[in-house]
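No lab work stands behind these numbers, since they all come straight from the coordinates. The model shown is predicted, which means the values in this text are computed figures rather than measured ones. Note: ideal-geometry Cβ built from the backbone for every residue, glycine included; neighbour counts use all protein chains shown.
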Amino acid sequence: MSDSNEKYAKLYEEALEKKLIEKGFGEIDSHDEEHVMKVVCKHFDLTLTEDFTTNCDWYIYEETTADGYTVYVSTHDLNNVRVSEQVFYYDGDLGRAFKQAIYDCDHGDVTIHLSMLYDDHWWVQDVINEIYLELVELYTDMCKEELTEEDFVEPDMLLMLANNK
């Protein structure tokens, strides 16, 4: 790669990173768990709360069975819990249910009750990180489109165009 191509590629990457930072998805911030949680919640217009109220859109909480075992419930309807589909024996299984709840409730101004939000359950942050990475891909594509509209051409595309001449 020539010096001018390398300089252009660096300029393009800097412009792309600047756009990602403006949208909350810059590389440096991606290592801050609080920031990651904040931008995921902002994207989905989502509030996560430990407060149990009847006006939440989804509930994920711990229950105890009659014989003293702990189970976990993930439901949108507190009055209609389907045991075979919405009750989990292991909290690690809740990650999939939590992610699905976020995507199912993607209609703006959503509140999800998580009784274990601040109890250091690894699966909560894992799901947020996984969704964050999906959003990074989405926003990267959006930012690349914006750069194209500003007459910036991706370096790989520029090389391909130069080689076809």
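Distance cut-off 29 Å, Cα to Cα: go down the list LYS99/LYS144; LYS18/LYS42; LYS7/LYS38; LYS19/LYS99 and report the pairs above it. As for pairs spanning more than 29 Å Cα to Cα, those are LYS7/LYS38. Which residues in segment 134-155 place their backbone N less than 14 Å from a point set 7 Å from the Cα of ASN5 along the Cα-to-Cβ direction? In segment 134-155, the label zone of ASN5 (backbone N under 14 Å from the point 7 Å along Cα→Cβ) covers 154-155. A Förster radius of 35 Å combined with the Cβ-Cβ distance from GLU145 to PHE88 puts the calculated FRET efficiency at roughly 0.30.
Dipole magnitude for segment 1-138: computed about the Cα centre from +1 point charges on Lys and Arg Cβ and -1 point charges on Asp and Glu Cβ, it is near 360 debye. Taking 4 °C and 1.567 mPa s as conditions, the chain diffuses translationally at an estimated 70 µm²/s according to Stokes-Einstein applied to its Kirkwood radius (Cα pairs).
Looking only at segment 75-114, which residues have a backbone nitrogen under 15 Å from a spot 7 Å from the Cα of ASN55 in the C-beta direction? Taking a point 7 Å out along Cα→Cβ of ASN55, the residues of segment 75-114 whose backbone N falls under 15 Å are 109-113. Against the chain, whose longest principal axis is taken from its Cα atoms, helix 33-44 shows a tilt of about 90°. Dividing the mean sequence gap of close Cα pairs (under 8 Å, 6+ apart) by how many residues the chain holds gives a relative contact order of 30 percent.
Each of PHE44, PHE52, PHE88, PHE98 has some number of other Cβ atoms within 10 Å of its Cβ, and from fewest to most they run PHE52, PHE88, PHE44, PHE98.
Placing dummy labels 7 Å off each Cα toward the beta-carbon, the span from ILE28 to ASP126 is 3.1 nm. Footprinting exposure proxy ranking of VAL136, VAL153, fewest other C-beta atoms within 10 angstrom first, gives VAL153, VAL136.
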